[in-house]
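S.K.: One structure, pasted below without further comment.
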Amino acid sequence: MLEYIGLGWLPNLLYNLGKDVFGWRKPLSSEERIARRRKWKPIFDEHIRDHFSRKLRSDVIIRDVKRVDQYPDIEEKSKGISPWFRVGLVGTYHRGILVAFHWLRLLQVGDAKFRVLDILDHDKGDKELEAVSIKAIQLGMIPFENIEDVDFEGDEYYGFPHIYCHFSNKREPYERIAIFTQNQLFPDSLPYYTEIADVESVRKESEKAGIKKPYV
């Protein structure tokens, strides 16, 4: 007679496999997520306001908690996202922080549809398209629950804040990456950001227009 074997071990096995392969970690409870948001949002808001008022640089170093000892070295041929990298800390949203990758210009090609303005190749020399293009910025959205610690003083390599994150979203710290416009109520007021498109839709529309390597 065969003895029944329960499968209570299966979730733990799958978690341990995912933790090693994809950088997963056990999800926080609702109370823990709320506590992280209440802890980090005022701290980051104050830092951003202070740096903006004093016209200081917005650079920060994002560090992977799991690979913390790989800093400051980088294996140039390694695949996947680096264990640390520099971005601009530009704002917060209700769930986390906004970090900037690069500016770009977009052309609207339909209702809420955009493509990249490729001034180096596809749209080179077309001043009319450049005049009607929209200045936009690509931002990563890092939830507060992925932030473990912050060293605002930096170190001897980079004197910018070091933000220690769990790269638990497919080995990345972001929950999403999207395209935003930057807005200001007054010339000297703190900028705020409005999402206009997701990265994948912009990439598809750009490729559809014949742009071979859209920079998004």
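The values are calculated or read from the model by the stated rules, or taken from the named source; none is laboratory data. Everything numeric here is computed off the predicted structure, so don't read it as measured data. Please note: Cβ atoms are built from the backbone with ideal geometry, for glycine as well, and neighbour counts cover all protein chains shown. The area values use the complete protein model at the heavy-atom level, side chains included, leaving out ligands, DNA and RNA. Shrake-Rupley method; radii C 1.70, N 1.55, O 1.52, S 1.80 Å.
S.K.: If you count only protein heavy atoms with a 1.4 Å probe, what accessible area per residue comes out for the chain, rounded to a whole Å²?
M.R.: Counting only protein heavy atoms, the per-residue value for the chain is 65 Å².
S.K.: Also, I was wondering about something else. What FRET efficiency, computed as 1/(1 + (r/R0)^6) with R0 = 45 Å and r the Cβ-Cβ distance, is obtained for Lys208 and Asp50, rounded to the nearest 0.05?
M.R.: Efficiency, rounded to the nearest 0.05: 0.55.
S.K.: Could you pull out the pairs from Lys26/Lys135; Lys26/Lys213; Lys39/Lys170; Lys39/Lys66; Lys135/Lys204 whose alpha carbons sit more than 29 Å apart here?
M.R.: Check vs 29 Å cut-off fails for Lys26/Lys135; Lys26/Lys213.
S.K.: Under 5 Å between amide hydrogens, which residues at least 5 positions from Tyr93 or on another chain qualify, with H placed 1.01 Å from N in the peptide plane?
M.R.: Leu98
S.K.: Around Val216, under 12 Å between beta carbons, what's the net of Lys plus Arg minus Asp minus Glu among the other residues?
M.R.: Local charge sum for Val216: 0.
S.K.: Let me ask another. Heavy atoms only, probe 1.4 Å: what % of the accessible area of the chain goes to carbon and sulfur, would you let me know?
M.R.: The value for the chain is 53 percent carbon and sulfur by accessible area.
S.K.: Using only alpha carbon pairs under 8 Å that are at least six residues apart, calculate the relative contact order of the chain and give it in whole percent.
M.R.: Computed over the chain, the figure is 20 percent.
S.K.: Label 7 Å along Cα→Cβ of Lys135; the range 107-121 residues with amide nitrogen under 11 Å?
M.R.: The answer is none, because no backbone nitrogen lies closer than 11 Å to the label point.
S.K.: Rounded to the nearest 0.05, what FRET efficiency do Tyr215 and Tyr157 give with R0 = 30 Å and r taken as the Cβ-Cβ distance? Could you check?
M.R.: That gives a FRET efficiency of 0.60.
S.K.: Next question, about the same structure. Please grab the % of Cα pairs in the range 144-194 that end up more than 14 Å from each other.
M.R.: Value for the range 144-194: 68 percent of Cα pairs lie more than 14 Å apart.
S.K.: Between His94 and Asp121, what is the FRET efficiency for a Förster distance of 41 Å, r being their Cβ-Cβ separation, to the nearest 0.05?
M.R.: After rounding, the FRET efficiency stands at 0.60.
S.K.: To continue, here is another question. In whole angstrom, and with the biggest value first, how far do the Cα coordinates of the range 86-181 range along each principal axis?
M.R.: 47, 32, 22
S.K.: Can you spot the lysines whose alpha carbon is less than 19 Å from Lys208's alpha carbon? Ignore those fewer than 8 places along the same chain.
M.R.: Lys113, Lys124
S.K.: Additional query: Could you work out Rg/(2.2 N^0.38 Å) for the chain, with Rg from alpha carbons only?
M.R.: 1.22
S.K.: Note down, for the range 24-143, the three equivalent ellipsoid semi-axes (square root of 5 times each alpha carbon gyration tensor eigenvalue), biggest first, whole angstrom.
M.R.: Sorted largest first and rounded, they come to 32, 21, 17 Å.
S.K.: Would you tally the net charge around His94, using a Cβ to Cβ cut-off of less than 11 Å, leaving His94 out, and scoring K and R as +1, D and E as -1?
M.R.: Within the 11 Å Cβ shell, the charges total +3.
S.K.: How much length is gained if the chain between Asp111 and Ser29 is pulled fully straight, taking 0.36 nm per residue apart and subtracting their Cα-Cα distance, in nm to one decimal?
M.R.: 25.6 nm
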